[in-house]
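Everything on this sheet refers to the single structure shown next.
The values are calculated or read from the model by the stated rules, or taken from the named source; none is laboratory data. A quick note: this is a predicted structure, and the numbers were derived from the prediction, not measured. Neighbour counts are summed over all protein chains in view; Cβ atoms, including those assigned to glycine, are modelled from backbone coordinates with ideal geometry. In case anyone asks, the SASA skips ligands and DNA or RNA and just uses the protein heavy atoms, side chains included. Shrake-Rupley method; radii C 1.70, N 1.55, O 1.52, S 1.80 Å.
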Amino acid sequence: MHILDIISQAAIMVFGLSSIFLVSKGKKFGFLLGLAQQPFWYFTTILNGQWGIFLLSVGYTISWVTGVYENYFKK
């Protein structure tokens with residue numbers, strides 16, 4: 001396993017768990033953490049050829065961006 005893949009998966013775990021926990025507690029910062037994990041998802045899915053999960057990550061990115069927009073930019 002590639003060291004960058006291990007780092008990427010660790011970041012997914014930390015950001016992923018933190019984001020879901022914070023969102024479940026009503027903290028809007030969770031949406032930012034969720035969005036921050038997405039580059040790691042893209043990297044690891046491309047590296048491992050997991051194209052279905054890559055497409056799922058696109059959907060997650062759209063969801064996290066929507067959460068950021070709704071909580072930080074929408075009047």
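Below, the figures for the structure above:
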read-out: Expected-Rg normalisation [2.2 N^0.38 Å, Cα atoms] applied to the chain; value: 1.14
read-out: Per-pair calculated FRET efficiency, R0 = 22 Å: GLN50 and LYS25 via Cβ, rounded to 0.05; value: 0.15
read-out: Contact order normalised by residue count of the chain, Cα under 8 Å, 6+ apart, percent; value: 30
read-out: Between helix 51-68 and the chain: long-axis angle, C-alpha atoms, 0 to 90°, nearest 10; value: 20
read-out: Approximate spin-label separation ILE3-LYS74, in nm, with each point projected 7 Å along Cα-to-Cβ; value: 4.4
read-out: Accessible area (Å², per residue) of the chain, counting only protein heavy atoms and a probe of 1.4 Å; value: 68
read-out: Helical mean residue ellipticity (222 nm; -39500 (n - 2.57) per DSSP H run of 4+; nearest 500) of the chain; value: -27000 deg cm²/dmol
read-out: Euclidean distance of C-alpha centroids, the stretch 1-40 and the stretch 44-75, integer Å; value: 11
read-out: With every protein chain in place, the chain: carbon and sulfur % of accessible area (1.4 Å); value: 74
